[in-house]
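Everything below concerns the one structure shown next.
Please treat every number below as a calculation from the coordinates, not as lab data. Predicted, not measured: the structure shown is a model, and the values here were computed from it. All Cβ positions, glycine included, derive from the backbone under ideal geometry; neighbour counts span all protein chains shown.
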Amino acid sequence: MGRSAGVSPPGSGNDAVGGEASALGTEDRAGAASAHQMAGEESATDTLAAEPIRTLIVDDHALFRRGLEMVLDSEPGIELVGEAGDGKEAVRVAGESLPDVVLMDIRMPRSSGIEACRALKDVAPSAKIVMLTISDEEEDLFEAIRAGASGYLLKDIPLDEVAGAVRAVYGGQSLINPSMAAKLLTEFAALARRDEEEPPRQVLAPRLTEREIEVLRLVARGMNNRDIAKELWISENTVKNHVRNILEKLQIHSRMEAVMVAVREKLIEFG
């Protein structure tokens, strides 16, 4: 698979996924410099020489961490400031090292990458977070973005392309693995068509129970079933049942679509 698709940040004037300035992998350092210049920064070469990109690696597999360290250690302008084996440790290390970029797995013991992503906003608010994971599930992608991640890459990306991803995210780009970006585009295109073809839905409240609306609000905040269960003091299976009922009642097919309904019906505000 190899290359990563860049999604232009809001307000950049380029809504295309995977545009010319976003391709990684075959780009050399000059490409990375271009990304920095597009983000309104001074020459990337000068910036990297003066201020290396402080990078934190978070993954529960020590061998994978070693591989990333070996690759990034040899890259000019990138400084490894720490590593962690789970989300909870990541929050602690990030608070001490204040990284510019965090490369983080999703599925980890003690605390997941999604949970850590939310917590990192408090201890290292300026850090750009890239999820580097084996999960190609739509739910994980959406939750990562809602939690504040600037990138979502699958682990089959060649290791020698990771440095380019670090520089691109640091320079202001958002990165999504091409296959995952395609899922997002397909999902939102379907939503757009449905909005155009179907009359507006009736008021949402009478169609869902109070508990279902509570669950929907938490889904829209990017919480997974386990987190929702903890928040509402119910079992994870009960949450799954509520989500299933919500999708059936609203005649929709995914959590992402449920979130769009929640926004449209003003059950939650994004800000």
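Net charge within 15 Å of Leu63 by Cβ-Cβ distance, Lys/Arg positive one each and Asp/Glu negative one each, not counting Leu63 itself?
Numbers: positive: Arg65, Arg66, Lys155; negative: Asp59, Asp60, Glu69, Glu83, Asp105.
For residues surrounding Leu63, the net value is -2.
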So Asp160 and Lys240, fully extended at 0.36 nm per residue minus their Cα-Cα distance, gain in nm 24.8 nm
Considering only Cα-Cα distances, which of the following residue pairs are longer than 29 Å: Lys88/Lys155; Lys128/Lys249; Lys128/Lys155? Lys128/Lys249
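Would segment 116-170 count as rounded, prolate or oblate if I go by the C-alpha gyration tensor, calling it rounded below 1.5 in a/c and otherwise prolate when a/b exceeds b/c, oblate otherwise? Intermediate values should be presented prior to the final figure.
Details: a/c = 2.54, a/b = 1.19, b/c = 2.13.
Oblate shape, in that a/c is at least 1.5 and b/c is the bigger or equal ratio.
Counting Lys and Arg as +1 and Asp and Glu as -1, what is the net charge of the other residues whose Cβ lies under 10 Å from the Cβ of Glu236? Kindly include the intermediate steps, with their values, before the conclusion.
Values: positive: Arg226, Lys230, Lys240; negative: Asp227.
For residues surrounding Glu236, the net value is +2.
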Total charge of the residues flanking Gly113 in space, meaning their Cβ is under 15 Å from its Cβ, with Lys and Arg +1 and Asp and Glu -1, is -2
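What is the packing order of peptides 140-146, 66-72, taking the mean over residues of other C-beta atoms within 10 Å and listing the highest first? Present the calculation step by step, with values, prior to reporting the outcome.
Numbers: 140-146: 22.4, 66-72: 15.4.
Per-residue Cβ counts within 10 Å, averaged per peptide and sorted highest first, yield 140-146, 66-72.
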